[in-house]
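The values are calculated or read from the model by the stated rules, or taken from the named source; none is laboratory data. Given the structure is predicted, the values throughout are model-derived calculations rather than measurements. When we count neighbours, we look across all protein chains shown, and the Cβ atoms used for this are built from the backbone with ideal geometry, even at glycine.
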Amino acid sequence: MSWLSDDTVERLRCLVDLPDLNGSKYRILRRIASGGMGTVYLAEDTTLGRSVGLKVMNVDGASSDLAGRMLREARIVARLEHPSIVPIHDVGTLPDGRVFYAMKFVQGKRLDEYAREGVSQSDLLRGFQKVCEAVAFAHAHGVIHRDLKPENIMVGAFGEVLVMDWGVAKVTSQESSLKPDPQWALLQEEPRISHEAETLVFQPVSLAAGEQVRTAHGTVMGTPIYMAPEQALGQTERIDERTDVYALGATLYFLLTGRPPFEPSHASDVRERVVHDTPHRPRELDGNIPRPLEAICLKAMAKDRRLRYRSAGELAEDAARYLDGRPVQAYRENLLERAGRWMDRNRFMMLLILAYLVMRVLVLIFTGR
């Protein structure tokens, strides 16, 4: 009897997991990534002749309520038509009962990878501003992301930014600006998540027709090193737009310092630190970080959510003020800093004036007047 090598076993497992797309217009090209709920493949839409990202529910969840979770995620993202939110093209069910959906294939890098390539601070901030604007758009349509982090943001080859992975989003309202959704109860339903999951794992639940499942107090959803204190405590009734603002501040912390606010460790340990500890101020890690940027970051990450920016849009506006050389809401400048900022903003005019004065001095010297 001969034993199969680990590589052979892994290849066989991948073949078994491959979705059966017979009868569909999609053809699998390669596997991209896998998570607790589904696997994403690069696929070809043979009808339109374009590449798409195809997310298919995992085999081991085929008989569970994961189908409803996948459909919920697809319907939430489909409601959010924004340039910085990955668009959904199609949704369906395979012969084996697994749900899939097709989305734009994003060619680029995750924000954490992009930030490590020596990109200028201004370019990172412009990308961050786009993320804030996308999240503000989602909030305006009643959707809280709840798992914002650099790994869930993609940067394309031409600077486009896309917010991904809306699988644990919280839907708070059916906005009148959107077409009424006949499955509104499904969108409001809370996915149940394991307390100790470092990466989120969906726990199946059984639903009667029209029944809504509400997550019990204490259930934690999100990535611990980027989540807000109220989220870490499982206070689902307190999760709102400012919860995402905290995660955006934690993402900015990473962009400024190259590390998350809290180092990864066991999920429950990190949650304790998020609730009770204060991370190092960005300038303690890098003294070259401008004080206004540090202030923006720390205001967004305030443990008391009442002290945070009231919205992602307000955070985006403060980032724009900094990029434009204007005073930011989060930081009170002294007179010297104000003068320095004015000189930076008007550097070209100052150089012209200086050049004029030098020329005048030279003329006076050589003409003897």
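Can you tell me which residue among Ser63, Ser84 is at pLDDT below 90 and either among the polar types (S, T, N, Q) or assigned by TED's automatic domain parsing to the domain that holds Gly156 (or both)?
Being at pLDDT below 90 and either among the polar types (S, T, N, Q) or assigned by TED's automatic domain parsing to the domain that holds Gly156 (or both) holds for just one of Ser63, Ser84, which is Ser63.
Please work out if Val99 is assigned by TED's automatic domain parsing to the domain that holds Leu18 and under 13 Å from Val163 (Cα atoms).
So Val99 fails the test.
Name the residue, out of Phe100, Phe105, Phe137, that is in contact with a helix residue (DSSP H, G or I) (Cβ under 9 Å, 6 or more places away or on another chain) and either surrounded by fewer than 16 Cβ atoms within 10 Å (Cβ to Cβ) or over 30 Å from Asp324 (Cβ atoms) (or both).
Residue meeting the stated conditions: Phe100.
Inside segment 239-290, can you point out the residues that are over 20 Å from the mean Cα position of the chain (by Cα) and in a helix (DSSP H, G or I)?
Matches in segment 239-290: Ser268, Asp269, Glu272, Arg273, Val275, His276, Pro282, Arg283, Glu284, Leu285.
Among the residues of segment 292-336, count how many are part of a helix (DSSP H, G or I), of a type in the set (Lys, Arg) and either surrounded by 14 or more Cβ atoms within 10 Å (Cβ to Cβ) or touching a helix residue (DSSP H, G or I) at 6+ places or on another chain (Cβ under 7 Å) (or both).
Residues meeting the conditions: 3.
Which members of segment 263-282 meet the condition of being surrounded by 17 or more Cβ atoms within 10 Å (Cβ to Cβ) and at pLDDT 90 or above?
Pro279, Pro282
Which of the residues spanning segment 111-120 are buried (at least 17 other Cβ atoms within 10 Å of the Cβ) and not small (Gly, Ala, Ser)?
Leu111, Asp112, Tyr114
Which residues, counting only those in segment 113-151, are among the aliphatic types (A, V, I, L, M) and in a helix (DSSP H, G or I)?
Within segment 113-151, Ala115, Leu124, Leu125, Val131, Ala134, Val135, Ala136, Ala138, Ala140 qualify.
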